[in-house]
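Only one structure is covered here, and it is reproduced in the block below.
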Amino acid sequence: MWGSILSAAVGIWLMIAPAALDYGAPASTSDRIVGPLLATVGLVAVFEVVRPLLWLNLALGLWLVAAPWALGFPADARWNSLACGAAVALLSQARGRSTRRYGGGWTALFRPERMARAAEDAGHGDRRRVVVITGASAGVGRAAARAFAARGARVGLLARGVDGLEGARREVEAAGGEALVLPVDVADAAAVERAAAEVERVLGPIDVWVNNAMASVFSPVSEMRPEEYRRVTEVTYLGYVHGTLSALRRMRPRDRGVIVQVGSALAHRAIPLQSAYCAAKHAIKGFTESLRCELFHDRSHVRVTLVDMPALNTPQFEWVKTRLPGRPQPVPPIFQPEVAADAIVFAADHGERKMMWVGLPTAKAVLGNRIIPALLDRYLSRKGYDSQQTDEPVPEGRRDNLWAPVPGDHGAHGRFDARARARCAELWLAKHRGVAAVAAAVVATALVGALAAW
């Protein structure tokens with residue numbers, strides 16, 4: 001709404017600017033034509049149903065940026081037009097999350113069959129969203145549970161560790177949500193299915209399913225055992241499959257819902273010493289892409305999105321099974337789990353996004369592997385061992401969680417708070433692609449205009 005009001009204010013200013021700044025044609029002519037258009041669109045777009053009209057202001061904003069160079073405005077009019085154009089272009093998004101659907105949106109004008117489904121969706125507008133999170137007892141799952149709870153969601157908490165699940169329940173309820181604790185090993189498909197049924201019985205129809213549970217082993221391939229590969233695969237890959245199948249059984253008949261797969265940069269670029277985990281994350285990526293194609297083929301409105309994460313400060317490095325001499329650590333740079341939770345909630349709100357890369361390290365891993373995979377093999381052979389462990393020796397008697405949960409409530413954060421980043425500029429850009437694109441367009445237009453004038 002504020003984008004609409006501010007755009008209208010810019011339009012009103014343009015109508016009076018020629019008199020206030022004392023400049024004439026052609027600048028005054030341009031401003032007196034563009035100003036009323038901006039004011040009209042801005043005031044109309046205050047109403048949520050027509051808020052996408054703000055995108056029409058993008059062309060007007062770009063014109064205001066380009067016009068001074070094209071028409072030869074005087075200095076005062078030139079800088080006024082540039083400032084107003086940049087502001088309008090940045091405000092020309094349909095800002096804010098819509099709380100309702102009206103007639104199925106703009107596509108309903110051309111696809112009337114969507115109107116019935118839009119009306120059905122509107123009937124659930126006041127119901128609190130039901131979210132299921134696997135691996136919810138600690139780390140990313142714990143942070144995501146808090147983030148959804150802060151928005152009033154009802155959250156089904158799935159994990160093996162009862163202590164951590166009870167801690168997560170307390171945090172969800174303190175944040176304003178409602179929690180249901182379900183001790184489950186996601187490697188057991190039948191147990192996951194029973195948990196999904198219990199969530200719907202107690203909390204209501206599942207709107208969002210977040211697959212996040214994981215297990216790993218830090219070890220050279222030559223020292224890995226077959227049963228360890230099997231266990232990591234059963235949890236980190238098949239656990240996602242089991243959760244997805246249970247979610248689809250409920251979402252497809254209703255033709256709505258979002259499945260969020262918590263992926264990793266390691267799904268695109270594997271590293272040494274984590275062969276089982278990297279393989280499982282690669283498998284999740286392939287499974288998700290195949291499922292997405294099938295949903296498109298069936299014209300289903302169920303959405304599945306993959307959120308690839310960078311290194312995160314979670315407790316997993318204290319309990320992951322390891323054969324390394326040094327204590328395991330995430331490969332720097334490290335981000336806090338709340339960054340991951342922010343991305344997961346955004347993905348749940350924007351299920352149409354087929355994937356998200358969280359953080360510059362993830363983008364570098366994905367793009368680097370596409371361009372210089374052989375060079376990365378050599379680089380990681382030299383740097384990939386030391387970067388995954390500290391100089392501290394692994395403590396005697398250290399317990400791991402490969403076969404059973406480590407007792408206690410371990411929370412969301414690991415022991416790397418001092419080194420972890422609480423914010424991620426790249427995630428902000430990923431969430432605001434419209435702003436980034438408009439800003440880039442404004443800068444490019446201004447540069448072209450400046451070069452032309454020079």
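Here is how the numbers come out for the structure above:
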| quantity | calculated |
| --- | --- |
| Full-extension gain in nm, Arg128 to Glu166, via 0.36 nm per residue minus C-alpha separation | 11.5 nm |
| Whole-Hz couplings from phi, Karplus 6.51/-1.76/1.60, listed for the range 349-362; x for Gly and Pro | 6, 10, x, 6, 6, 6, 7, 9, 9, 9, x, 4, x, 5 |
| Contact order normalised by residue count of the range 127-423, Cα under 8 Å, 6+ apart, percent | 22 |
| Sequence ranges 357-363, 318-324, 261-267, ranked by mean other-Cβ count within 10 angstrom, highest first | 261-267, 357-363, 318-324 |
| In Hz, Karplus ³J(HN,Hα) per residue of the range 155-162 (6.51, -1.76, 1.60; θ = phi - 60°; x = Gly, Pro) | 10, x, 9, 10, 5, 8, x, 5 |
| Nonlocal amide H pairs with Ser264, under 5 Å, H built at 1.01 Å | Met309 |
| Full-stretch length increase - Ala404, Ala20 - with 0.36 nm per residue and alpha-carbon distance subtracted | 130.9 nm |
| Amide hydrogen neighbours beyond the local backbone of Thr322, cut-off 5 Å, H modeled | Phe218 |
| Point-to-point label distance, Leu245-Arg378, nm (Cα→Cβ direction, 7 Å offset) | 4.5 |
| Phi-based couplings in Hz for the range 331-348 (Karplus 6.51, -1.76, 1.60; Gly and Pro marked x) | 6, x, x, 10, 10, 6, x, 5, 5, 5, 4, 4, 5, 5, 5, 4, 4, 5 |
| Contour minus Cα-Cα distance for Val366 and Arg421 (0.36 nm per residue) | 17.7 nm |
| Amide hydrogen neighbours beyond the local backbone of Val132, cut-off 5 Å, H modeled | Gly156, Val208, Trp209, Val210 |
| Residues Phe296, Phe287, Phe148, sorted so that the one with the fewest Cβ neighbours within 10 Å comes first | Phe296, Phe287, Phe148 |
| Lysines with Cα under 30 Å of Lys354, excluding same-chain neighbours fewer than 8 positions away | Lys281, Lys285, Lys364, Lys431 |
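Every number here is computed from the coordinates shown, using simple stated rules; none is lab data. Predicted model, so just to flag it, every value in this text is computed and none were measured. Here the Cβ is made from the backbone with ideal geometry for all residues, glycine too, and neighbour counts use every protein chain on show.
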